[in-house]
Amino acid sequence: MSNWTDAHCHLQDRYLGDREIPVSAPEALVHAREAGVDRVVVIGTDAASSREALALTELTGEVEVYATAGLHPHEALSDVEDLVALAREGHPRLVGIGECGLDYFYEHAPRGAQHAAFARQIQLAQELDLALVIHCREAFDDLFDIFATEGVPARTVIHCFTGTPEEAVGCLERGCDISLSGVVTFKNAESLREAARLVPLDRLHVETDSPFLAPVPHRGRANEPALVSVVGEFLAQLRGEDVETLRRATANNTARLFSLPSR
């Protein structure tokens, strides 16, 4: 089945260089096309990786490549203004700000620094009228508090959602879309599967977060955009939907979220 969109992946060399079987970004895109994927959004996590993501949009081929610029919460002690300056350059295939947000599971940066960097990127997404891509892990209460202060950009997605059904409802009530990755296929993810059933079809996205989080039955290997259909097919069965209906809906949702050209 063709025309899948991977709403969130990392194809920069820094992520792929130590893979179990190293695959360059051009090779990953060839594999993606062979697997029926025709669009990917490459995600930045700091100024350097965001520049690399934007450079990958220059690759030509059958897969359309778009990019975001963001400062991951793990990198919150870095200078967010470097990221702001990059985003303001106005690259034609820059379609979002992020991934940004809060991570209290690893907490590689102090919470105060995470809050400040996240708030600045919310403001930047609003300033530039770009989508906002959020990473939130074990921090939904504070996420909602920051939303109350800073507002929620009109086009916002919680990427690789791994929260509870109640947290999913909280995100949806605040206008966020929800993107699901291979984690939903994991054996111990029953609560997440319950949440996945609650997401309206017109608010749902599928992603790989590659090279991380390969879905079952590929768990343990490096992930690629080519495997996004595995996530989509699993979700269709879980939700009792036709695979083609879910594929078309998620592709359209990601096009809307990032203001991608209609096809």
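Odds and ends about this structure:
- Within the range 62-94, considering residues that are hydrophobic (A, V, I, L, M, F, W, C) and farther than 26 Å from ALA148 by Cβ, the one farthest from the chain's Cα centre (by Cα): ALA85
- Complete set of residues in the range 210-263 that are more than 30 Å from LEU94 (Cβ to Cβ), of a type in the set (Gly, Ala, Ser) and part of a helix (DSSP H, G or I): ALA236
- The range 141-155 residues that are among the charged types (D, E, K, R), paired with ones that are part of a helix (DSSP H, G or I) and at pLDDT 95 or above (beta carbon under 6 Å, 6 or more apart): GLU150/ALA119; GLU150/ILE122; ARG155/LEU257
- Applying the set (1) buried (at least 21 other Cβ atoms within 10 Å of the Cβ); (2) over 19 Å from PRO92 (Cβ atoms); (3) hydrophobic (A, V, I, L, M, F, W, C) to VAL23 leaves exactly one unmet item: (1).
- Candidates GLU34, GLU75, GLU99 - the one that is touching a residue at least 60 places away in the same chain (Cβ under 8 Å) and either crowded, with 24+ Cβ neighbours inside 10 Å or under 23 Å from ARG137 (Cβ atoms) (or both): GLU99
- Subset of the range 112-165 that is among the basic types (Lys, Arg) and in contact with a strand residue (DSSP E or B) (Cβ under 7 Å, 6 or more places away or on another chain) - its residue that is surrounded by the fewest Cβ atoms within 10 Å (Cβ to Cβ): ARG137
The values are calculated or read from the model by the stated rules, or taken from the named source; none is laboratory data. Just so we're clear, the structure is a prediction, and the values are computed from it rather than from any experiment. Every residue, glycine as well, gets a Cβ built from its backbone with ideal geometry; the counts of neighbours run over all protein chains shown.
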